[in-house]
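The structure appears below as structure tokens.
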Amino acid sequence: MTELRTERLILRRWKDSDLEPWAAMNADPEVREHLGDVMTREQSDASVARFEEEFEARGYGWFAVEIQAAGTFIGFAGLDDVDEEMPLTGVEIGWRLTRTAWGHGYATEAARAVLAFGFDTLKLDEIVALTTAANHRSQAVMRRIGMTRDPAEDFLDPTVPAGPLQPNVVYRIKADGRAGVGG
């Protein structure tokens with residue numbers, strides 16, 4: 001079973017006990033601000049089933065994230081294949097945390113562990129990150145973990161209607177350019 005540990009966090013496969021807090025996160029409009037509509041409990045549960053299937057098939061995916069000391073589920077972080085509708089390809093890093101976990105450095109800590117896993121274990125050459133142009137918090141994490149943005153790669157997400165979720169930015173990091181990002 002793949003598990004990543006940092007100073008404060010455990011990134012692990014999903015448990016049934018994660019479903020309720022995950023559903024609560026996905027029903028929170030503030031958490032979903034840059035992602036689209038809130039999700040129903042059924043949609044949220046189905047997403048976890050899909051995460052686990054994809055992890056089994058590929059050997060990577062979205063980890064559940066918990067605080068080690070308390071055993072508290074706080075969200076997810078991991079790697080996924082860039083959706084085929086997007087104007088780029090590759091493996092994407094991402095994270096989503098419950099609001100109570102914001103502002104504590106958990107996203108950066110989890111993302112560093114995921115980068116190390118992607119480069120050291122999976123031997124990826126490059127990892128990308130995508131987010132809405134307005135998602136400044138996630139972009140700050142991307143910069144903190146050593147990713148860089150080329151504005152020429154910014155694009156309009158073809159999977160969402162015109163509006164604030166459509167303009168997206170792209171950040172990248174190469175395996176050979178990741179000094180100091182280990183978990």
Subset of the stretch 29-71 (residues that are within 22 Å of Asn168 (Cα to Cα) and among the aliphatic types (A, V, I, L, M)): Val31, Leu35, Val38, Met39
Subset of the stretch 38-90, residues in a strand (DSSP E or B), out of contact with any Gly (no Cβ under 7 Å at 6 or more places or on another chain) and at positive phi, comes to Gly75
Consider Pro158 against the criteria (1) part of a loop (DSSP other than H, G, I, E, B); (2) at pLDDT 95 or above; (3) on the phi < 0 side of the Ramachandran plot: it satisfies all of them except one. Which criterion is unmet? (2)
If you take the residues in the stretch 115-140 that are small (Gly, Ala, Ser) and surrounded by 19 or more Cβ atoms within 10 Å (Cβ to Cβ), which one is nearest to Leu35 (Cα to Cα)? Ser138
Under 9 Å between Cβ atoms, which residue pairs at least 6 apart in sequence (or on different chains) link something in the stretch 13-38 that is in contact (Cβ under 8 Å) with a residue 40 or more places away in the chain with a partner that is part of a loop (DSSP other than H, G, I, E, B) and acidic (Asp, Glu)? Arg13/Glu3
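Does Ile67 qualify as being β-branched (Val, Ile, Thr) and within 19 Å of Asp18 (Cα to Cα)? Lay out the reasoning, then the answer.
Details: β-branched (Val, Ile, Thr): yes; within 19 Å of Asp18 (Cα to Cα): yes.
Yes, satisfied.
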Within the stretch 71-89, residues touching a residue at least 24 places away in the same chain (Cβ under 8 Å), over 19 Å from Glu56 (Cα atoms) and of a type outside the set (D, E, K, R) come out as Phe73, Ile74, Gly75, Met86, Pro87, Leu88
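The values are calculated or read from the model by the stated rules, or taken from the named source; none is laboratory data. The structure displayed is predicted, hence computed values, not measured ones. Cβ atoms come from the backbone with ideal geometry, glycine included; neighbour counts cover every protein chain shown.
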